[in-house]
Amino acid sequence: MTARTIAVIGPMGAGKTSVGRRLAKHLDRRFVDTDAVIAAEHGAIPHLFQTVGEGAFRAIEREVVQRELRSGGVVSLGGGAVLDPSTRSALADCTVVLLTVSEEAVVARLTDGKRPLLTDGIASWRAIAAERDPVYRALADVTVDTSRRPMTTIAAELAAHLQDAGAHQQEEPST
């Protein structure tokens with residue numbers, strides 16, 4: 001039986017790739033960043049937004065996310081992937097980890113210029129994060145704030161928590 005996929009979701013700059021990669025190492029699982037897969041298969045995300053538009057990008061994203069969620073590994077999703085109803089349905093078969101981050105902490109993390117939806121900087125981030133937050137929280141099995149602690153520590157604690165939770169699930173008698 002394939003291990004249940006761990007999906008890492010959250011707003012831009014929360015550390016989904018950083019924590020996800022470290023979490024996968026702790027759990028000895030394959031790590032996939034869906035944004036990286038999209039870029040490798042279709043080109044840079046900012047370029048996709050400019051050339052094909054957000055709607056076409058979201059269709060590509062949906063296909064990649066659906067495929068990768070079947071992997072049994074640790075999968076980091078782009079911040080907006082959860083907006084798609086079929087992606088939300090697919091997440092029901094996963095353990096969903098929500099990473100949150102404060103506005104203050106995210107300012108330093110969003111300096112790469114590769115975020116096509118951040119046209120107004122932190123104001124854009126604030127609006128997008130607030131809009132998506134209820135969706136993230138509704139999907140989350142575990143929520144971890146990444147604002148003030150090292151990603152390495154967060155990943156190690158999260159791995160221990162998930163391993164402990166998995167052991168307890170296996171010990172429970174079936175009814």
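Read-outs throughout are calculated quantities, based only on the coordinates presented, and are distinct from any laboratory measurement. Bear in mind the structure is a predicted one, so any value in this text is a computation, not a measurement.
Its DSSP H runs of at least 4 residues, each contributing -39,500 (n - 2.57), put the calculated 222 nm mean residue ellipticity of the chain at -17500 deg cm²/dmol, to the nearest 500. Put simply, the amide H of Val96, placed in the peptide plane, has neighbours under 5 Å in Ala7, Asp141, Val142, leaving out anything fewer than 5 places away on its chain.
The C-alpha atoms of the chain define a longest principal axis, and helix 122-139 lies at about 30 degrees to it. For segment 6-163, what value does the Rg/Rh ratio take when both radii are computed over Cα atoms and Rh is the Kirkwood radius, given to two decimals? Expressed as Rg/Rh, it is 0.93.
Taking the C-alpha atoms only, the angle from helix 151-171 to the longest principal axis of the chain is near 40 degrees.
Rounding to the nearest 10 and keeping the result within 0 to 90°, find how far the Cα-based axis of helix 53-69 lies from the longest principal axis of the chain. The angle comes out at about 20 degrees.
For the chain, a Gaussian network of Cα nodes joined below 10 Å ranks Thr153, Thr34, Thr51 by mean-square fluctuation, and the top entry is Thr51.
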